[in-house]
Structures are given as C-alpha cells and as structure tokens.
Amino acid sequence: MAVQARRSRSGGAKTKSRNPDNKAGHLFLAPWLIGLIVFTIGPMIASLFLAFTDYNLLQPPTWAGLDNFAQMMGDARLWNSLRVTLVYVIVSVPLQLALALAVAVVLDRGMRGLAFYRSIFYLPSLLGGSVAIAILWRQVFGKEGLVNAFLSWFGIEGPGWISHPDFALATIIILHVWTFGSPMVIFLAGLRQIPEMYHEAAQMDGAGRFRRFFSITLPLLTPIIFFNLVLQIIFAFQSFTQAYIVSGGTGGPSDSTMFFTLYLYKQAFTELNMGYASAMAWLLLLVIAAFTAINFWFSKYWVFYDD
C-alpha cells in the first residue's frame, strides 16, 4: 500500500509538472491559432454564407439559395474565363517546370559562383508577381516595345502582342515561365539528395550522361517533380496580378486574358456582386481540389521512391 501511495504521489507530481509546459505550448501556438481562425477559417465561413446570398456590399445580404450557382451555369463569360485559366495552367506549368529542371541540372554540376547564379535565377520568382514587373512586361511586349524593336532589326513589323487576341495570353504565359526560380531551387535541393553511388555504378556499366539522367536522376526526382507540379498548379490557378496589369484590368482583347480570378474580382468590386463572386470562389476551390486529387491519383503510376 505504501509503495502504491508513493507511485500515485510520484505520478501526480509528474502530471502536475507537465501542466506549465502545456500552457507554454498553447501560449506560443495562440498567435497562429488566432490568425488561422480570424484570417482563414472565419473568411471561408463568411464566403460560404455569402455564396448563397444576394449581396452588393452596400446593403445587408439577402438569402438567395442556389441562385448564384444557377447563374454560373449560364454565364458564358465565366466559362470563357475558366477556359483561359485552364489553358494558362496546362501550358505554363509544364514549361516552367521543364525550364526550372534544366537550369537546376546545369547548376548541380558544381560551377563556380553557384550561390550567385542561384540568387540571380531565383530573383524573377520574387519579382514576377509584382506590379512593377507586370508594367515592365507591358512595355516589353507593347507595340513600340523591346520585342518589336528587336524584330525591326530584321525588317519584321511585330504586332501589339498584348493587344492582339492571338498573342496576349502567350505573353502572360512567358511571364509565368520566366518566374521559374522557386521550383528551380527545390529541384536543385532534390538533385543534391540523389546518392552519387547510383551514377557511379551506372557509369561503370557504360551508361552515358543522358541514359543516367533518364534512368536514375529523373525517376528518383519524381517526388520533387510531383511536389512542384501540385504547388505550381495551385499558384497558377490563383494568378491575378499579371493578368490585371498586363490587360489593364479589362481582360485583354476579346477576353483573351480574362483569368477566372480577374473575372471574380470584377464581379466583386466592379459589379458589386459579392454573393456571386463568393460562389465563384468556391467553384475555383473545387476546381483546384479536383486537379490536386487527380494528380495524387495519377502519382502512383509515375512517382517513384528510393525505397
């Protein structure tokens, strides 16, 4: 009995000693939890409620049921914006990842000044979403821009790239591909994690550089490719600044650069259809979730792990 009493007292003492640690942990987590509730969960719940209302920002919202979602079914401009966004994502993301991987492979060879080149190539990712770069892009691809000035040396009169419906979207795709720095750094880190013994064994068996890349490097890098692919698809669907600045907020000629996010912004803050815009936001969430789920489902067929 005395032993049990001592055990119970010692157990109680240990339990009491944990309480201050728990309180300290909760205290350190409090800022993050408050931010999550106030800036993420709260706005999401409010947006879900507004998606079922008629709200113009000036008057209290009135319940509208499924009217906003029914309106989306017949909104041709919305479906065109979704088509433009899909083209942008499907074209720009693979090109960006291919360029990022190519640059990472070159930098992985251990050249002099690696830190400098890595910083230079990463710089566009820091600036690509800024207003200043978008304005610069307008100057580069304008009628009197640098691209047409270069073509004029060869006697070619280029069009106004950002004002032509056949080329306007391509200019924004090029801007997105140019911001390859972030996935490049991740690819470079992944390349550094591949054991060198695999390459040495393959080289002893007579495998050339390209065979080693496609048979060793690329398969072992597929988890990093998958990570970058999912991340960049999500970012591409949320692109807004580039389309807004390059098109002057109009969506470009014939809505050729009317991204889904840009149309959502116009509905919310130009047309003051905040309820409809909230419904559009949830549609975008479902589209991104669907693409992410498809990528995870297909990953079992092409993503390989070392073990």
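All of the numbers you see were taken from the coordinates with simple rules; none came from a lab. These figures come from a predicted structure and were not determined experimentally. Glycine gets a Cβ as well: all are built from the backbone with ideal geometry, and neighbour counts include every protein chain shown.
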### Message
If neighbour count is taken as other Cβ atoms inside 10 Å, put M274, M72 in order from fewest to most.
### Response
M72, M274
### Query
Mind listing the phi-derived Karplus ³J(HN,Hα) values for region 82-97, rounded to whole Hz, using 6.51, -1.76 and 1.60 with θ = phi - 60°, and x for any glycine or proline?
5, 5, 4, 5, 5, 4, 4, 5, 5, 8, 6, 5, x, 5, 5, 5
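Given the DSSP H assignment, sum -39500 (n - 2.57) over each helix run of at least 4 residues in the chain and divide by its residue total; what's the result at 222 nm in deg cm²/dmol, nearest 500? Don't jump to the answer; show the numbers that get you there.
Values: 15 runs with 211 residues, N = 307.
About -22000 deg cm²/dmol.
Provide the net charge surrounding P61, with neighbours chosen by a C-beta distance below 14 Å and charges set as Lys +1, Arg +1, Asp -1, Glu -1.
In short, -2.
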### Task
Once you have all Cα-Cα distances for the chain, histogram them in 10 Å bins from zero and send the whole-percent values.
5, 18, 23, 22, 16, 9, 4, 2, 1, 0, 0
### Query
How long is the gain from L146 to I174 if the chain were fully straight, where each residue apart is worth 0.36 nm and the alpha carbon distance is subtracted?
8.6 nm
## Note on the structure
One finds the C-alpha centres of region 143-196 and region 240-307 to be spaced, in Å, by 21
### Message
Can I get the semi-axes of region 90-202's equivalent ellipsoid? Compute them from the C-alpha gyration tensor as square roots of 5 times the eigenvalues, in angstrom, largest first.
### Response
34, 14, 14
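Could you please rank V84, V103, placing first whichever residue has the fewest other Cβ atoms within 10 Å of its Cβ?
V103, V84
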### Task
For Q193, put the label point 7 Å out on the Cα→Cβ axis and report which residues of region 277-307 keep their amide N under 14 Å from it.
304-307
### Summary
Most exposed to least, judged by fewest other Cβ atoms within 10 Å, Y198, Y276 sort to Y198, Y276
### Query
Along the charge dipole of region 186-291, which of Q238, S215, S278 sits closest to the positive end, that is, farthest toward it, with unit charges on the beta carbon of Lys, Arg, Asp and Glu (+1, +1, -1, -1)?
S215
